[in-house]
Amino acid sequence: MALNIYNTLSRQKEEFKPLHEGRVGMYVCGPTVYSHSHIGHAKSYVSFDIIVRYFRFLGYKVLYVQNITDVGHLLDDGEDRMLKQSKIDKVHPMQVAETITHSYFEDMDALGVLRPDISPRATGHIIEQIELVKQLLEKGFAYEVKGSVYFDVRKYKDYGKLSGRSVEEMVEGTRVETRSDKRAPQDFALWKKADPEHIMRWPSPWGEGFPGWHIECSAMSMKYLGDRFDIHGGGLDNQFPHHECEIAQSECATGHAFATYWIHNNLVTVNGQKMSKSLGNFVTLKDAFKKFNPLILRFFILQSHYRSPLDFSDEALRGAGAGLEKLLNTVRNLRHELARAGTESRTADALIDLAMFKARLRETMDDDFNTPQAIAILFDFSREVNTLLNTGTPYTAASLLAIDRVYREFGGDILGLIPEAIETGGSSNGAMEGGLIQLLIDIRKEVRAQKLWALSDAIRDGLKNIGITLEDKKDGTTWKRG
RNA sequence: GGCGCGGUACCCAAGUGGUUAAGGGAGAGGUCUGCAAAACCUUUAUGCGGCGGUUCGAAUCCGCCCGGCGCCUCCA
């Protein structure tokens, strides 16, 4: 079965066909680095992380570009986000950018989001942006007014094709007062003249100024991926106006199509309410991580589809935490068995229809990256694995390894939920802690043999209190954290 | 006002024309166990917001209605 992707441009699922055989060029709108990342960022970048991982699993050579916006993102009142934050913090805007960029990657790393191949900064590509604006002026798609340059939306017939809006509708819907220096209210800035007190400024053919927000993504995506590439992604909220403007600029500048597939992830709500900075109910990842392990957040996000909205609540997160633990527990037990299988003479082959499970997983991921369905299949798979492990039958290392490979490929490589190394308990990792716990387990075994239950339970409860859980199995006791 | 998305069990959430409506959490009962924990088994929607329609057949398509949310203005 071929990979099918929902393309916002056509509003339907389409079979993925790369522009260049075996390669995928992908650009995703990255964060504006003025404040710490929140759970909305997590949903977006985890979603695209899955897409990148799955393409790589399928054997594509992926070039993943995700920008860092550190200039040009203007607020309603025309003030630059970066400048506003720098005034609040009383530091240089580039210091804000640097601090928040570090913070962003720290949070994404915690969530298991693989780093983009290229993370271009807008301020590092002023020259490219100016070049693009010059091209648009030369071709007559833009006009200059008092040191600022605007894109003339009426010159581009397809404006609105991504978001399904017409220019006429937009005029009617415009609430903000029409800026006097624009020819039409829908026109958007490519380059803005800098006021005297504006710190972030660069020389240009139109005087000192700074780039508009939309232009950076056109300039940087085309610089690194070519003026045509496969996938452009971002949050649904960027569909309009940001992506619509990007398409207009890029297609007018090059004279041909821009990105082939447009992918948009849905947004996040908190306790049923829209999460927004103006409402002040946004949850930063650093705060969320204090309550929930980052992997639990990742699991929670992947348990719903990327095109579905996701509502965050503590109850839902707790449920996700229990679910993830169930999954990891099985893998932990499997690897524990695997560690022993190598040293004991094992006889039986573990009988699970691995080919069937792998085919189901492939099929469901091929259907527009259906991660919730994939997770459900992993749970089906785990039920069989648990049953197998509970029989106490000795299995060959090879057959257990084959089972583990399914977890590694789909649960690890693709979904990023199952860590390379899970605490296996029992087996000594050379750490003193592990040795001490094993010593207590051995002593407790003796105590239990003498049926001294009170003492036996005291050991187990004591360990539980310091975060170590013992589990008595048919063939011995194992331990885990938590 | 314009555009768009979805209403599936106590909670989260797949499924989008056809055998018994996935999966996870929570609850209940059971098996195993000294007891726990974990695991496994059984169980919790004759029904998928409501009302009509199309069809041999609809949660799935169409229409209307009722509530929910998002975008149109900065946000991933």
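The values are calculated or read from the model by the stated rules, or taken from the named source; none is laboratory data. As the structure is a computational prediction, the values presented were derived from the model and not from experiment. When we count neighbours, we look across all protein chains shown, and the Cβ atoms used for this are built from the backbone with ideal geometry, even at glycine. Just the protein is used for accessible areas: all its heavy atoms, side chains included, with ligands, DNA and RNA removed. Shrake-Rupley method; radii C 1.70, N 1.55, O 1.52, S 1.80 Å.
In the stretch A:277-301, the residue that is farthest from RNA strand B (Cβ to nearest atom) out of those that are under 15 Å from A:Ile418 (Cβ atoms) and touching a helix residue (DSSP H, G or I) at 6+ places or on another chain (Cβ under 6 Å) is A:Pro294. Restricting attention to the stretch A:438-455, the residues being among the charged types (D, E, K, R), closer than 17 Å to A:Glu471 by Cβ and either touching a strand residue (DSSP E or B) at 6+ places or on another chain (Cβ under 8 Å) or within 11 Å of RNA strand B (Cβ to nearest atom) (or both) number 3. Scoring A:Val46 on the criteria (1) under 25 Å from A:Asn4 (Cα atoms); (2) of a type outside the set (Phe, Trp, Tyr); (3) surrounded by fewer than 16 Cβ atoms within 10 Å (Cβ to Cβ) leaves a single failure, condition (3). With the requirement that a residue be surrounded by fewer than 21 Cβ atoms within 10 Å (Cβ to Cβ), among the β-branched types (Val, Ile, Thr) and in a helix (DSSP H, G or I), what does the stretch A:378-405 give you? Hit for the stretch A:378-405 is A:Thr387, nothing else.
Of note, A:Asp237 does not satisfy the criterion of being open to solvent by 50 Å² or more (accessible area, probe 1.4 Å) and at pLDDT 90 or above.
The C-beta contact set for the stretch A:352-379 (first residue within 9 Å of RNA strand B (Cβ to nearest atom), second residue assigned to a strand (DSSP E or B) and open to solvent by less than 10 Å² (accessible area, probe 1.4 Å), distance under 9 angstrom, 6+ apart or interchain) comprises A:Asp368/A:Ile5.
Filter the stretch A:222-234 down to residues that are part of a helix (DSSP H, G or I) and touching a helix residue (DSSP H, G or I) at 6+ places or on another chain (Cβ under 8 Å) and give me whichever is surrounded by the most Cβ atoms within 10 Å (Cβ to Cβ). The qualifying residue surrounded by the most Cβ atoms within 10 Å (Cβ to Cβ) is A:Met222. In contact (Cβ under 8 Å) with a residue 24 or more places away in the chain, within 9 Å of RNA strand B (Cβ to nearest atom), part of a loop (DSSP other than H, G, I, E, B) and surrounded by fewer than 16 Cβ atoms within 10 Å (Cβ to Cβ): does that describe A:Ser304? It is false that A:Ser304 is in contact (Cβ under 8 Å) with a residue 24 or more places away in the chain, within 9 Å of RNA strand B (Cβ to nearest atom), part of a loop (DSSP other than H, G, I, E, B) and surrounded by fewer than 16 Cβ atoms within 10 Å (Cβ to Cβ). Here A:Lys274 clears all of (1) open to solvent by 40 Å² or more (accessible area, probe 1.4 Å); (2) more than 7 Å from RNA strand B (Cβ to nearest atom) except the condition numbered (2). Out of curiosity, is A:Ile375 out of contact with any Cys (no Cβ under 7 Å at 6 or more places or on another chain), crowded, with 16+ Cβ neighbours inside 10 Å and either of a type in the set (Val, Ile, Thr) or in a loop (DSSP other than H, G, I, E, B) (or both)? Against the criterion (out of contact with any Cys (no Cβ under 7 Å at 6 or more places or on another chain), crowded, with 16+ Cβ neighbours inside 10 Å and either of a type in the set (Val, Ile, Thr) or in a loop (DSSP other than H, G, I, E, B) (or both)), A:Ile375 qualifies.
Among the residues in the stretch A:419-430, are any modelled with pLDDT of 90 or more and not assigned by TED's automatic domain parsing to the domain that holds A:Glu337? Taking every residue of the stretch A:419-430 in turn, at least one turns out to be modelled with pLDDT of 90 or more and not assigned by TED's automatic domain parsing to the domain that holds A:Glu337.
Residue by residue, here is whether (1) within 30 Å of A:Ile459 (Cα to Cα); (2) modelled with pLDDT of 95 or more holds:
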position	(1), (2)
A:Ala339	yes, no
A:Thr347	no, no
A:Phe379	no, yes
A:Thr393	yes, no
A:Ala397	no, no
A:Leu400	no, no
A:Phe410	no, yes
A:Gly434	yes, no
A:Gln438	yes, no
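If you go through the stretch A:111-123 one residue at a time, do you hit one that is open to solvent by less than 10 Å² (accessible area, probe 1.4 Å) and part of a loop (DSSP other than H, G, I, E, B)? Yes: one or more hits.
Before we move on, is A:Glu14 of a type outside the set (Gly, Ala, Ser) and free of Cβ contacts under 8 Å to residues at least 12 places away in the same chain? The answer is no for A:Glu14.
Filtering A:Val71, A:Val28, A:Val91 for residues that are open to solvent by less than 50 Å² (accessible area, probe 1.4 Å), assigned by TED's automatic domain parsing to the domain that holds A:Tyr261 and either away from RNA strand B (no atom under 14 Å from the Cβ) or acidic (Asp, Glu) (or both) leaves a single hit, A:Val91.
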